[in-house]
2 protein chains.
Amino acid sequence: MVADPLSRVFSALADPTRRDMVARLAIGDATVSELAAPFDVSLQAVSKHLKVLEDAGLVSRSRDAQRRPVHLEAEVFDLMTKWIERYRRRAEARYRRLDDVLRSMPEESAPPPPPEGTAS
Amino acid sequence: MVADPLSRVFSALADPTRRDMVARLAIGDATVSELAAPFDVSLQAVSKHLKVLEDAGLVSRSRDAQRRPVHLEAEVFDLMTKWIERYRRRAEARYRRLDDVLRSMPEESAPPPPPEGTAS
DNA sequence: CGATTGGTCAACCGCTGGGTTGAATACGGC
DNA sequence: GCCGTATTCAACCCAGCGGTTGACCAATCG
């Protein structure tokens, strides 16, 4: 899995089980078994999910005797938030602009608008 | 593809090509061919990508003669943003709390903390 | 030391995702 | 009505994902 960071984060969170794990980890660190408990899957499956989350930078794992406590890393969320906010704002701005245009020229809507239609 | 909305949105954006398309659409609506131009894939592949984005509620498609202009829908972004913000805030709050704890009791860190380790 | 607990590695399996090509559909122009 | 343009549908291919089981490490307990 050698994808770009953003793809890794998004695809890590595209799985509901992994999102649930993140939700659980937001409350506090947990061991693999603790994380596995609520889910009806093998420990190995959970281990795989954790690897995905770790590769995405969403969690980190340390060591405590036999246990491997999992810790949620909040910073990576920013990567997503920034990307999302960027395009959302642009889209919303466009929407408001269009709104203005429609208000200022209400007759230009039904018939074929002049020539070309590529630019904006 | 009958997954929950959040999974659909995250997994739609897990693909770099689709993110690029969203970026392009943030500038303004575009036809399928226009969207396809920058990418080195077939028109059919682009059509599939658009279907994924549409199923996720990220874009909508109308009709203009033979063309099917694609429009970015900003609202769905909120779904993600809300989810992300929720857990990020919790994780950050925990982090600050831990910080406080560590500051107030600097000796309790290295040796095995009392018994049990499940709760928090 | 051997046994137990906690977790990972490896191989495999069925399904889906992203890509292809080729045929079909939906319009507008003539 | 026919042709070209814009897009989608259908079938197929291959890689990767999420799941399994079985074997394997790591560390603590007796």
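Computed quantities for the displayed model
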read-out	value
Probe 1.4 Å, all protein chains present, accessible-area order of A:89, A:61, largest first	A:89, A:61
Relative contact order (%) - segment A:1-102, alpha-carbon pairs under 8 angstrom, separation at least six	28 percent
Modelled FRET efficiency - R0 45 Å, residue A:75 with residue B:2, Cβ distances, 0.05 increments	0.85
Whole-Hz ³J(HN,Hα) from phi, Karplus 6.51 cos²θ - 1.76 cosθ + 1.60, for segment B:78-93, glycine and proline x	4, 3, 5, 3, 4, 4, 4, 4, 3, 6, 5, 4, 4, 5, 5, 4
Pair residue A:51, residue A:23: separation of 7 Å Cα→Cβ label points (nm)	2.6 nm
Dipole magnitude of segment A:5-72, debye to nearest 20 (Cβ charges: Lys/Arg +1, Asp/Glu -1, about Cα centre)	160 debye
Under the Karplus curve 6.51 cos²θ - 1.76 cosθ + 1.60, θ = phi - 60°, whole-Hz ³J(HN,Hα) for segment B:52-62, x wherever Gly or Pro sits	4, 4, 5, 4, 7, x, 7, 9, 10, 10, 10
Accessible area expressed per residue, segment B:10-102, with surrounding protein chains retained (probe 1.4 Å, Å²)	53 Å²
Interface A:B - total buried accessible surface [probe 1.4 Å, Å², rounded to 100]	3100 Å²
Calculated over segment B:5-72: convex hull of Cα atoms, volume per residue (Å³)	74 Å³
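The values are calculated or read from the model by the stated rules, or taken from the named source; none is laboratory data. In this text, all values refer to a predicted model and were calculated from it rather than measured experimentally. Here the Cβ is made from the backbone with ideal geometry for all residues, glycine too, and neighbour counts use every protein chain on show. Side chains included, ligands, DNA and RNA excluded: accessible areas come from the protein's heavy atoms. Shrake-Rupley method; radii C 1.70, N 1.55, O 1.52, S 1.80 Å.
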